[in-house]
Amino acid sequence: MAALIPNHLARNLFLDRHALAEAPVGPASGAALQDLVDRIGFVQVDSINTVARAHEMILWSRRQSFRPLALKRLLEQERSLWEHWTHDASILPSRLHGIWQHRFARDAERPHQNWRRWFREGYEAQFDGILDRIAREGPVGTADVGEGELRGRGGWWDWHPSKTALEWLWRTGRLAITRREGFAKIYDLTERVIPEAHRAPVPAEEVTDWACRSALRQLGFGTPGEIAAYWNAIGPQDAKVWCREALARGEVAEAEVEGAAGQRRRVVLFPATLDEIPPEPTRRLRLLSPFDPALRDRNRAEFLLGFFYRIEVFVPEPKRVWGYYVFPVLEGDRLVGRIDVKAFRDAGALRVKAFWPEAGVRLTKVRRAKLEAELERLARFAGCGRVEFLDGWERETIFPPSP
């Protein structure tokens, strides 16, 4: 009979693996920041800046001494981190570049038919000219290329051919992001960005084993689908075969994990995890980015924590249940609510529009004090001098929409 991991223990494992069990204190630059990124695996990048950009908020939620310049130093000077794709654009340890070369090859083989459907014609003709220009003149951004090309007005993905070419060459590994100016990518030849020690390709036969083992270490436990989705470097069938073979060799074990509502899910894990006693999460309250690694797999987070979350950025305003960009609120091992908060830097104020508690959660005197203290810390991080609570900010619980 498979061992049962009760929900309380599963939550603690989940939060500890995501560096959310301990208090968000301690150093957050240099080797300490590198270790934090290594521990959580990757940090998603996103352009929305209602309070701070996603990658900055993710790191600040875990180490509140974090400042963006420390990350910039690792990316642009130390070169121990780089940007590429997991499930979305992310910051990754540079040592993974050898693994990602298989993804480059896969993407170069597969998606031209999709790119031809999505983007303007003519981008393939720009490849050689762009690579030659960068080799001769140095890094470029989108604004530096495509002179005379038709500039789209149809939305985020209506790119001119040279921008499409830059993105294609980045996605397939010929170019790398050497820095960002504002939030705009600046591209250079990969060999000028990624240290030589990290550019050696990992043998293809090792990729699936690495992807599954490392994902299982990061997750603690998981289904084959969850394991495959963690890095998005292999397919679900690859993970399913790996799990079956690793079980036969005795390298992993099966268990049942109890969900927040008492439901059960069969998972695999390393046998030592069954003996692990993770720390009890701090009772400190903290705000999480909507793109936090702990929330990346919405279904897994909902199963373990009983917290339904969908970002509503792309939902028309009249159809939003909560708001454009709402932050989950973590306290101990529970997500106790969500908050609509935005930095108005020109006014020096972090404004709280709404807080919705989860079912059974009250904004007690103690919890309110913890929330106010966290908002004060967030205001300082966002460059605001004060927190303003708008009229009617305390809301009633809204139950998630039915599937």
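The values are calculated or read from the model by the stated rules, or taken from the named source; none is laboratory data. Note that the structure is a prediction, hence the values are computed from the model and not measured. Positions of Cβ are generated from backbone atoms using ideal geometry, with glycine treated the same way; all protein chains shown enter the neighbour counts. These accessible areas exclude ligands, DNA and RNA; they are computed on the full protein's heavy atoms, side chains included. Shrake-Rupley method; radii C 1.70, N 1.55, O 1.52, S 1.80 Å.
Odds and ends about this structure:
- Note on the chain: Cα-only Rg and Dmax are 22.3, 68 Å.
- Under 19 Å of direct C-alpha separation, and excluding same-chain neighbours fewer than eight residues apart, residue 353 reaches these aspartates and glutamates: 312, 317, 340, 372, 374, 376, 388, 391, 394, 396.
- Three principal axis extents of region 188-237 based on alpha-carbon atoms, in descending order, are 38, 20, 16 Å.
- Per residue, the chain exposes 46 Å² of accessible surface when a 1.4 Å probe is rolled over the protein heavy atoms with every protein chain present.
- Note on residue 125/residue 67: beta-carbon distance plugged into 1/(1 + (r/R0)^6) with R0 of 51 Å gives a FRET efficiency of 0.75.
- Considered as an equivalent ellipsoid built on the Cα gyration tensor, region 306-366 has semi-axes of 21, 18, 10 Å, the largest given first.
- Here the sum of -39500 (n - 2.57) over DSSP H runs of 4 or more residues, divided by the residues of the chain, equals -11000 deg cm²/dmol at 222 nm, to the nearest 500.
- Beta bridges by DSSP in region 302-403, antiparallel share as percent, to the nearest 5: 70
- Amide H contacts under 5 Å for residue 90: 45, 84, 85, restricted to partners 5 or more places along the chain or on a different chain, H placed in the peptide plane at 1.01 Å from N.
- Fraction of accessible area attributable to carbon and sulfur, region 306-347 (%, probe 1.4 Å): 53
- For region 202-343, the fraction of C-alpha pairs more than 21 angstrom apart is 52%.
- Taken over the alpha carbons of region 282-403 as equal point scatterers, the Debye sum produces base-10 log I(q)/I(0) values at 0.09, 0.10, 0.14 Å⁻¹ of -0.24, -0.30, -0.60.
- Each residue was assigned an accessible area with a 1.4 Å probe, and for residue 171 the value is about 60 Å².
- Student exercise, region 124-271 dipole from Lys, Arg, Asp, Glu Cβ charges, in Debye to nearest 20: 380
- Note on residue 72: lysines with a C-alpha under 25 Å away, same-chain residues under 8 apart excluded, are 163, 185, 342.
- Stretching residue 205 away from residue 299 to a fully extended chain increases their span by 30.8 nm, per 0.36 nm per residue minus the current alpha-carbon distance.
- Spacing of the modelled spin labels on residue 35 and residue 143, each 7 Å from Cα toward Cβ, amounts to 4.0 nm.
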